[in-house]
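Read the structure below first, then the notes.
The values are calculated or read from the model by the stated rules, or taken from the named source; none is laboratory data. Please read these numbers as outputs of a predicted model, since none were measured by experiment. Counting neighbours? That spans all protein chains shown, and the Cβs are built from the backbone with ideal geometry, glycine included.
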Amino acid sequence: MMEMVINGVSTRKVRRITEELCGTSFSKSTVSELCKALDPIVREWNERSLEAVAYPFVIVDALQLKIRKGGRVIPQSAVLAVGVNAEGYREVLGLMIGDSESEASWSEFFTWLKQRGLTGVDLVVSDHHGGLVNAIRRHFQGASWQRCQVHLMRNVLDAAPAHCQHSLKAKIRLMFNAPDMETARRLLDDILSEYGSRAPKAVACLEAGFEDAMAVMALPECYRRRLRSTNGLERLNREVRRRERVIGIFPNVASALRLLGALLMEQDEEWTPGRCYLRMDEYWQWKKAKDEASGEKTTSEGDQAA
């Protein structure tokens, strides 16, 4: 029954299925009580230590939920992070539910991750949100912030007149796929020149976000495609949203943590023995050369994973 609930089957349907298959009917409250057995399992996973390995790349995002609190339905934010560890495997680092996506809530989330042992962060990927960006810069000093290129593209096109959106999108995509920053800046200049008078708000948005959206260009080329947007995490969000939609309004915060945590734990278990997400050999060679060039002492890959 717990597995059915986690996979998006409503408690009403669970009752009908068990009655049809087993000849016994379970009430909604009974199903809910049984699902509470997941709480200590989810809590242990969500609060596990992250000290065993470094996480050079971290992707963060948030989901909006509706949760009943004090007799009212209150919008809440579920913030989560996915990391790529020193060996190139993805992990769901943690989930926290709070009142908003403010700088304070993101700071609380990042502080919690660091207290659990999150270290070695070199790049943080996220959407553009003032509170989030400020929290990233505060808690991950020395790391680069990569603004999601997909979100920036949407923002730019939303500000552009309909008649030039298609051609502008093609040119921005070409710029994002540039082999180096020199070429990317040249393509940006071409866009600004061509669309400056036709779509002034759009090109102003693009120009303002260019440097942050191209931070990934500092990495070796083989890492850029998967780290230039939050797409990998948003696919996970869509799966969570598909199952969360069955509930609609959570009766309390504990129930939201239970369902979302169980889903994320399930995904994390699939990622752990699965295919390597990124081959990290070239990254560690690049980082070593970069640190030596700047006169900093670098840690070997083995030490990072120790």
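Structure notes:
- Residue under evaluation Val133, criteria (1) in a helix (DSSP H, G or I); (2) at pLDDT 95 or above; (3) buried (at least 16 other Cβ atoms within 10 Å of the Cβ), criterion not met: (2)
- Subset of region 74-94 (residues that are of a type in the set (Asp, Glu) and within 13 Å of the chain's Cα centre (by Cα)): Glu91
- Exactly one residue out of Val31, Val82, Val58, Val9 is surrounded by 20 or more Cβ atoms within 10 Å (Cβ to Cβ) and modelled with pLDDT under 90: that is Val31.
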